[in-house]
Amino acid sequence: MNQWMNMADGALMHTYNRFPLVLTKGEGVYLYDDEGKKYLDFGAGIAVFGLGYGNKKFNQAVKDQVDQIVHTSNLFYTIPLAKAASKLVKASGMDEVFFTNSGTEAIEGAVKLARKYAWQKHPGTKSEIIAMQHSFHGRSMGALSVTGNAHYQEAFKPLVGGVKFAEFNNLESVLSQMTDATCAVLLEPVQGEGGIFPAKKEFLEGIRKACDERDIVLIFDEIQCGMGRTGSMYAYEQYGVKPDILATAKALGNGLPVGAFAAVKKVGDAFEPGDHGTTYGGNPLACAAVDAVLTIFEEDRIVEHVQEVAPYMIEKLDALAAASDKIVERRGLGLMQGLELAVPVGPVVKEAMNRGLITMSAGGNVLRLVPPLVIEKEHVDEMIAILTQILG
Ligand SMILES: *Cc1c(COP(=O)(O)O)cnc(C)c1O
């Protein structure tokens, strides 16, 4: 184990303090390290591995595509691209989509599209973006500029201009910052990295109404909370508030690096040839993964499964929280759950790992639980038993 850790640390830039585990294999909802130790995975590679490890249909679709063709560039059509795009349009409820290689790039594209729409319709007057405090949208200069976390931003200024931050779940804070110059409002319906905060319905409804009145583009970042995680394909469906642009990634490729931003026609049509591009984005391998994921979601009724297992997990977490003075509160939607702790979260994550449970932290001292979407009640029981040992 140390041999691989040393080799990696000797060659990688030090941007992560990795856990001292060398993971070699995944099976279902379990991970294995190079010494054969087994871990129940409630992290899913940061809410990515929705279908679990070793899904046969998914693996076969990806292997088949590797043997067909892996890359073509966007100068050509491919069959996986056509299939993935039409399936994602249907799954997202949007009208058109652009594939990227990551969530960050989906945000970059979404913000560019909003700016282009406003530039075309209201020349030279509408360019400001209102984003939320404690949000997370990525690390590139554009995505970082709309990420409401001063610590992430500080060393990299000057950032992209024209960005204001409002308080999440405080409608007045958003409305009071809207002006004739506002181009877009960007938010996560359930804040992830910020500490697992679901939006209030009235908050989203109020923003939607104000955006409609002022022709402001509403962008939802569902990179973490989308793809069935909260118990609907996209979280916005549960709120009954539809965005104009939707950013998605993480679970979209079940581990293959792919993201997308999708838009309603009125906004999406603002992009013309030459406005945006990518060499890899939407390549046949990534799109074969997306096609397989969306097919499996339908065939295996993944969203319905989340609706079944999530209430059980919530019930068990609530019971644990009620019995423990180390837990301040449980928050979340569906299988995107957080426990705000009264004790430091870092040692809890470490201790859980020692006991064979992978969890993650999120902002504000929160223990984040985002398991593969295919977990069963018995896995919830296993997780609760380990957390009870630590927090009970
Ligand atoms: C992870 C994440 C991103 C960034 O996605 P990457 O694939 O890491 O670039 C953006 N927004 C949210 C809400 C995320 O959770």
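Nothing in this text is a laboratory measurement; each read-out follows from the coordinates by a stated rule. No experiment lies behind these values; they were computed from the predicted model shown. So basically every Cβ, Gly included, is an ideal-geometry build from the backbone, and we count neighbours across all protein chains shown.
At-a-glance table
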quantity	calculated
Degrees, to the nearest 10: 103-121 long Cα axis against longest axis of the chain	20 degrees
Quarter of the Cα convex hull surface for the chain, i.e. its orientation-mean projected area (nm²)	19.4 nm²
Proximal lysines to LYS200, defined as alpha-carbon separation beneath 17 angstrom and excluding residues fewer than eight positions away on the same chain	LYS209, LYS242
Whether the range 69-299 is rounded, prolate or oblate, judged on the alpha carbon gyration tensor where a/c under 1.5 counts as rounded	prolate
Stretchable slack from GLU272 to ARG355, in nm (0.36 nm times residue separation minus alpha-carbon distance)	24.5 nm
Nearest-ten-degree value, helix 284-299 long axis tilted from longest Cα axis of the chain	70 degrees
Shape category assigned to the range 77-159 from the gyration tensor of Cα positions, a/c cut at 1.5	oblate
Mean-position separation - Cα centroids, the range 179-230 and the range 50-112, in angstrom	24 Å
Förster radius 41 Å - calculated FRET efficiency between GLU298 and LYS38, Cβ distance, rounded to 0.05	0.85
Cα-projected label distance for GLN120 with GLU167, points at 7 Å along beta-carbon direction, nm	3.8 nm
Projected label distance in nm at ALA323 and VAL160, using a 7 Å step from Cα toward the beta-carbon	4.8 nm
For the range 1-143: relative contact order, % (alpha-carbon pairs under 8 angstrom, 6 or more apart)	12 percent
Separation of the ALA181 and ALA82 label points, Cα + 7 Å toward Cβ, nm	4.7 nm
Gained length - GLU202 relative to SER73, 0.36 nm times residue gap less alpha-carbon distance	42.1 nm
Relative contact order computed over the chain (Cα-Cα under 8 Å; 6+ residues apart), in percent	23 percent
The range 289-349: equivalent-ellipsoid semi-axes (sqrt of 5 x gyration tensor eigenvalues, Cα, Å)	31, 14, 7
Residues ASP9, ASP300, sorted so that the one with the fewest Cβ neighbours within 10 Å comes first	ASP9, ASP300
